[in-house]
1. Run T188 past the list (1) farther than 25 Å from P243 by Cβ; (2) without any contact (Cβ under 8 Å) to a residue 60 or more places away in the chain; (3) not hydrophobic (A, V, I, L, M, F, W, C) and report the number of the one that doesn't hold.
2. Filter segment 1-25 down to residues that are loosely packed, with under 13 Cβ neighbours inside 10 Å and modelled with pLDDT of 70 or more and give me whichever is farthest from I75 (Cα to Cα).
3. Looking only at segment 102-113, decide whether some residue is aliphatic (A, V, I, L, M), modelled with pLDDT under 90 and not in a loop (DSSP other than H, G, I, E, B).
4. Considering segment 27-83 alone, what residues qualify as being crowded, with 18+ Cβ neighbours inside 10 Å, within 23 Å of E195 (Cα to Cα) and among the aromatic types (F, W, Y)?
5. Would you mind stating whether D63 is modelled with pLDDT under 90 and on the phi > 0 side of the Ramachandran plot?
6. Give the residues of segment 29-81 that are closer than 24 Å to H254 by Cα, among the small types (G, A, S) and outside any loop (DSSP other than H, G, I, E, B), sorted by residue number.
7. Counting only residues that are in contact with a Phe, Trp or Tyr (Cβ under 6 Å, 6 or more places away or on another chain) and farther than 10 Å from P147 by Cα, how many does segment 112-131 have?
Amino acid sequence: MTKLHHEQEILPSLGETKEKEALEPMPCQVIMNRKFSLVLDDVWDAQVWYELLRKPLQSGLVDSRILITTRNINIGKQMGAICSHMVEKLSPEDGSSLICKIVSEEGDEQDTHDLSDIGMKIVEKYDGLPLPLRTTGGLLRTKAKRPLEWEKILSSPAWSFTELLKGVMGALYLSYQDLPSPLKQCFTCLSSFPEDFLILRRAFVSICTAEGFVTPKDNMPMEEVVEEYWKELVQRNLLQLDPHWYDEFGGRMHALLRSLARHRAQDECFVGDARAFENKIISSSSPAR
């Protein structure tokens, strides 16, 4: 199998013609007269296929295979997919089981069972989507196993929060909204890392400490306080540990959670394409002709 770069790495901007012309031959050289298998993960726009990838990928052998994953089946159709497979959503029963597994600790299964009716009402809000189920499970894990606490989650106005980017669900905002203030700052700070980037715990600790996001706690060193923040984000399923790293040394943030973090960070700092921002400044400062 020939490994190619992620589409977002080889396609920084389709609008920059010179860069496109320089990048287009790269995959062609790698797969020329070779059989390859390529995975394009989480494709949002078929434009990347028609304007950059389709032509150079024709350099490979005809029995090569390309697999794409996308949240919109029409993207696959636009890219000429021969076969489509729809991933089934979780059933209400499986969703309830997932939340119970996240929330329950050994020996307290009965407490969770007593909350099953409220839990099922919460599950029904998610339409079988695993990510919000996991984040809400992480949220419920921090609450007392009492009907009143779970009812508060069920009736929270965060479910209907409308000022979110497309695709970012109120359920994710619910998990964000429940974070203590220092953790909210640390969460939005993670949006500065590229998508699907392996975030090292030591880097997280250094950045949050340097930015002053830490609230002193007893006589604990600042670094230890931030390490507790890291662990709590993991426990709330807002960070996913990388299985190749032991002792919680590294993790990744789901694309939708990163979108939420970027959206919330816009109120506090500049978040966007630094190159486009620089070009905008240059063009606005250029003398008129």
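1. Failed condition: (2).
2. A22
3. yes
4. If the condition is that a residue be crowded, with 18+ Cβ neighbours inside 10 Å, within 23 Å of E195 (Cα to Cα) and among the aromatic types (F, W, Y), then W49 is the only one that fits.
5. no
6. The answer is G76, and nothing else.
7. The qualifying residues number 0.
The values are calculated or read from the model by the stated rules, or taken from the named source; none is laboratory data. No experiment lies behind these values; they were computed from the predicted model shown. Glycine also receives a Cβ, built like all others from the backbone with ideal geometry; neighbour counts cover every protein chain displayed.
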